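Single-structure report; data block below.
Any read-out appearing in this document is the output of simple, stated calculations on the displayed coordinates, not a laboratory observation. Just so you know, these numbers come straight off a predicted model, no measurement behind them. When we count neighbours, we look across all protein chains shown, and the Cβ atoms used for this are built from the backbone with ideal geometry, even at glycine.
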Amino acid sequence: MEKTSAATAAQLKATGDASKESSKGIKELADEIFRKTGVDHEQIQKGENVLLVYKNIRNEVGLHHDVYTQAVKGRRRTCP
């Protein structure tokens, strides 16, 4: 998990924190999905790291503007 967390921090830094999400928030989201699905939280976080590459997928202030979070949760429903 340490390696995945380090990759998350590096990706956030590389994109200038475009997602508007923190390392802690990303880990917490992975843990939340793990508790609901049983899918390994490290695998979920690795998927989140892939989304961090796309600077337009980000959370913003306002109702339904949590695009990054919605994308992560949507990915869970579409992957086998």
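Computed values, structure above
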{"item": "Per-bin percent of Cα-Cα distances, segment 2-78 [10 Å]", "result": "20, 57, 23, 1"}
{"item": "Label point distance in nm, Asp17-Asn59, each placed 7 Å from Cα along Cα→Cβ", "result": "1.2"}
{"item": "Nonlocal amide H pairs with Arg58, under 5 Å, H built at 1.01 Å", "result": "Val67, Tyr68"}
{"item": "Neighbourhood charge, 12 Å Cβ-Cβ cut-off, centred on Gly16 and excluding it, Lys, Arg +1 and Asp, Glu -1", "result": "+3"}
{"item": "Ranked list, fewest to most other Cβ atoms within 10 Å of each Cβ, for Arg35, Arg58", "result": "Arg35, Arg58"}
{"item": "Chain lengthening between Gln70 and Lys46 when straightened (0.36 nm per residue, less Cα-Cα)", "result": "7.0 nm"}
